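Colleague: Just dropping this structure here.
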Amino acid sequence: MREKEFKAVFDSEKYVISQDMKYRVKNRITEKTTAKSKIPFFKRSASAVFSIVLASILVITAAAVGGIALFKSVYGDNLEPIMPYSEQINLTAADANYELTLHEAVADEYTTAYIFSVKRLAGNAAEESQDAGMFFKGLEQTNGKNGSYAAGNISDLKILSSFNAYDTVQIQIFASSLDSRVKVLCTNIGYDAENAAEYLIRAVDGLKTEATDYYALYVINGEEQTLSIAVGAEKGPEIALPKVTQKAPSVTRSVQDYYRQYLKQTDPMVLYGSRRLADNVTITPLATYVESAKGIKTIWASNSVKYIDGAFYRTAELMFNDGTEKALSEMSQDEFGIIVNKTTGVFLFNEVLDIGLVKSFLVYDTVEFPMDVNAPVVDRETGERIVPKYETLDLMYDVGNGLASYIDSTYPADRSQNKIYCWGPSYLTENSCNLNSYDYDITMTVYDTVEGETLADAANRLFNEIQTKYNWTFSVISEKDGTFSYGDIRYVDANVSVMGGAAGEYHYFFFESNGKLLVLQLVQKSDGLLYSLDAIKQLITFS
Amino acid sequence: MSDVKFVERAYDLFADTVYRVCVMYLKNQADAEDIVSDTFLKLFSYGKPFNGDDHLKAWLIVTARNQCKNTLSHWWNKARTDLDSIPEPAAPAEDFMALAVENLPEIYREALYLYYYEGYSGQEASKMLGITESAFWSRLKRGREILRLEMEEECDERKRVQSGI
């Protein structure tokens, strides 16, 4: 690689901030920091304000329009914490059959909730809707690729199944009831490519009258397109959904390092690679959002809604300043969180939360994450502070993950297209793990080093121990020393016979990292094209 | 919470660096502008002291990087293709390195950037990226290799074009 040319890229016009932009951004920063220095965000305790500011997710925009009332049927009587972030809309459109009214909206950073109603005026429309109590997710976006959505088996509503992925004129995102009565529309977009939002709708039974149905619509994901709601089998009244600029504040807490440390002591085998754990938790007055890089596991699905699985979530509670606690499930609609996409989920609250009153987020009944990020995370049961430490499990995770990603990246593009060929680590014991390679069984084991022992001596000792332990007999084909990114390494290529019979070729790599001795064992498991062994050998400069 | 003047000084010193980091991750100037602003606002909210300007610079780079990654992994950005990020169909020869750098997977691009452009040691850069030093060296090696291959292919292509094959 030509270093000078490489550096020049970052000195090119694209990477240099223009004076105009520099000045503009500086003004923006000065303006905001000066304002923050003078005016507190909320009339709340200093520690709460400090924690929210440190979390840096706090969003407050323009002054309230306020005056909302219908949301009481969704969230209960106390709407106070969301009043500044709500809007009374009251837009109506009608034809001979229906009168459609958009009443109110409220938003946090990720979700906008609307309340709208449909009044039946004439003809078939006058018949009572069967939608009461329904709760459905609007679409399976990925299914749009082939030009059709999978229609849910929902007795009283359907998801449109005639969507043309290349039709950029108007897309009906979902419809309820057999006559496609209520729809959310998105206009002029290539849907699958550009729209990552998710939509949920729920009938609000508490507001229902003889001729009028009320609905709460949740647009989750920060919808960027202009949506509209419409009613009627064909073209009926339609109202564009206004964006709500005021966003309710939120607090984000990174939780992974701490529960990881806790689980090391209590349940180390579930630690990594699990889709039942969160990395980050964001709490807003309307919901708790969870993110997990490893994905989120479904416990069950109903009406196209997938619900979140995992003890982490089932035990999650909010602790309040007054000493009370409330389970996340207890605070959430339908008691469970909903999977928004592969790595994120949301627990939509059934009551409005004043996040200034939340002291901590608690999981497994004992791991307490204070909202004040300066306060220590504690194991409530023992009273001890939880401090993340780098231990054998972390070492296995780092080395294993790095190796798995590296091996995966060496597979030829035509083979690795849309497929992972090496992933992991998955834990076997507290000091060994498996990397799931396509062509090799790869086991990594971590041992303590013995003071004064050279790598060669340690390798010989462990090699003998493996033979004795498993009653295997090795005939060494080759033994090489070299160096790679972790330092010195010894590679042993051996034929193994078990109980007198040939059991195949085994490959061992011995090296040290973080004061531990690591052994990598590769055993071929497919007769096809082989890459993993070569990939690891390519990392080594043999002497 | 930091002092307003402290933030302004930090901005004067390191706005260029933070912006460069943001463009490197986000590949477009408009989003980068927002993250630059957010990063210095985070600095304002940050309550702890720094051990000199080097420490401050490293903190800003790491914070900007995290902000960018958050932005990129944000739900609504995942499925969005930014017009600025779509490579031009035929890059002029002199821009080829820029294109190759941009197309480099993020984990390699950031390793190369910190090491070659910012001049951090492997130990420092690995700390900033939150990975082990050995993982950093692996990434650096792999990134270099990809760039080298890309450049070699381009040279071959140019030779073919020049010789009329």
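Colleague: Pick out the one residue from A:THR473, A:THR445 that is among the hydroxyl-bearing types (Ser, Thr, Tyr), touching a Leu at 6+ places or on another chain (Cβ under 9 Å) and part of a strand (DSSP E or B).
Modeller: Working: A:THR473 fails: touching a Leu at 6+ places or on another chain (Cβ under 9 Å).
When all the criteria are applied, what remains is A:THR445.
Colleague: Look through the stretch B:14-31, keep the residues that are under 16 Å from A:ILE29 (Cα atoms) and at pLDDT 90 or above, and return whichever of them is surrounded by the fewest Cβ atoms within 10 Å (Cβ to Cβ).
Modeller: Step by step, filter the stretch B:14-31, then rank; the result is B:ASP16.
Colleague: Additional query: For the list (1) under 19 Å from B:SER138 (Cα atoms); (2) among the basic types (Lys, Arg); (3) without any contact (Cβ under 8 Å) to a residue 24 or more places away in the chain, I need the number of the one condition that A:ARG490 fails.
Modeller: (3)
Colleague: Within the set of pairs 6 or more residues apart or between chains, which connect a residue that is at the interface with another protein chain (Cβ under 8 Å from one of its Cβ atoms) inside the stretch A:396-407 to a residue that is of a type in the set (Gly, Ala, Ser) with Cβ atoms less than 7 Å apart?
Modeller: That search, which allows pairs on different chains as well, returns A:ASP398/B:ALA135; A:VAL399/A:SER513; A:GLY402/B:ALA135; A:GLY402/B:SER138; A:TYR406/A:ALA535; A:TYR406/B:SER138.
To keep it simple, each residue is scored yes or no on (1) part of a helix (DSSP H, G or I); (2) acidic (Asp, Glu); (3) within 13 Å of B:MET24 (Cα to Cα).
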residue	(1), (2), (3)
B:GLU102	yes, yes, yes
B:GLU110	yes, yes, yes
B:LEU114	yes, no, yes
B:GLY119	no, no, no
B:GLN123	yes, no, no
B:LYS127	yes, no, no
B:ALA135	yes, no, no
B:ARG139	yes, no, no
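Conditions (1) modelled with pLDDT under 85; (2) in a loop (DSSP other than H, G, I, E, B); (3) away from chain A (no Cβ under 13 Å), marked per residue:
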| residue | (1), (2), (3) |
| --- | --- |
| B:ASP34 | no, no, no |
| B:PRO49 | yes, yes, yes |
| B:HIS55 | no, no, yes |
| B:VAL62 | no, no, yes |
| B:ARG65 | no, no, yes |
| B:LEU72 | yes, no, no |
| B:THR81 | yes, yes, no |
| B:ASP84 | yes, no, no |
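Colleague: Of all the residues that make up the stretch B:115-129, how many are within 11 Å of chain A (Cβ to nearest Cβ) and within 12 Å of the chain's Cα centre (by Cα)?
Modeller: Going through the stretch B:115-129, the residues within 11 Å of chain A (Cβ to nearest Cβ) turn out to be B:115-119, B:122, B:126.
Those still in the list that are within 12 Å of the chain's Cα centre (by Cα) too: B:115-118.
Number of matching residues: 4.
Colleague: Name every residue in the stretch B:37-47 that is assigned to a helix (DSSP H, G or I), touching a residue at least 40 places away in the same chain (Cβ under 8 Å) and more than 7 Å from chain A (Cβ to nearest Cβ), in order of residue number.
Modeller: Selection gives B:LEU43 alone.
Colleague: Among residues belonging to the stretch B:6-32 that are more than 8 Å from chain A (Cβ to nearest Cβ) and of a type in the set (Lys, Arg), point out the one that is nearest to the chain's Cα centre (by Cα).
Modeller: Residue satisfying both the conditions and the ranking: B:LYS27.
Colleague: Counting only residues that are more than 21 Å from B:VAL4 (Cβ to Cβ), modelled with pLDDT under 50 and assigned to a helix (DSSP H, G or I), how many does the stretch A:1-50 have?
Modeller: 2
Colleague: Inside the stretch B:132-150, can you point out the residues that are under 23 Å from A:SER513 (Cβ atoms), within 16 Å of the chain's Cα centre (by Cα) and not basic (Lys, Arg)?
Modeller: Those that are under 23 Å from A:SER513 (Cβ atoms), within 16 Å of the chain's Cα centre (by Cα) and not basic (Lys, Arg): B:PHE136, B:LEU140, B:GLY143.
Colleague: Name the one entry in A:VAL352, A:VAL346 that is away from every other protein chain (no Cβ under 14 Å), of a type in the set (A, V, I, L, M) and surrounded by 19 or more Cβ atoms within 10 Å (Cβ to Cβ). Reasoning before the result, please.
Modeller: Numbers: A:VAL346 fails: away from every other protein chain (no Cβ under 14 Å).
When all the criteria are applied, what remains is A:VAL352.
Colleague: Tell me, which strands (runs of 3 or more DSSP E) lie completely within the stretch A:286-372 with 3 or more residues that are out of contact with any Leu (no Cβ under 6 Å at 6 or more places or on another chain) and among the aliphatic types (A, V, I, L, M)?
Modeller: A:338-341
Colleague: If B:ASP3 satisfies all but one of (1) facing chain A (nearest Cβ under 9 Å); (2) crowded, with 17+ Cβ neighbours inside 10 Å, what's the number of the condition it fails?
Modeller: Single failed check for B:ASP3: (2).
The values are calculated or read from the model by the stated rules, or taken from the named source; none is laboratory data. Please read all numbers here as calculations on a predicted model, not as lab measurements. We place every Cβ from the backbone using ideal geometry, glycine too, and count neighbours over all the protein chains shown.
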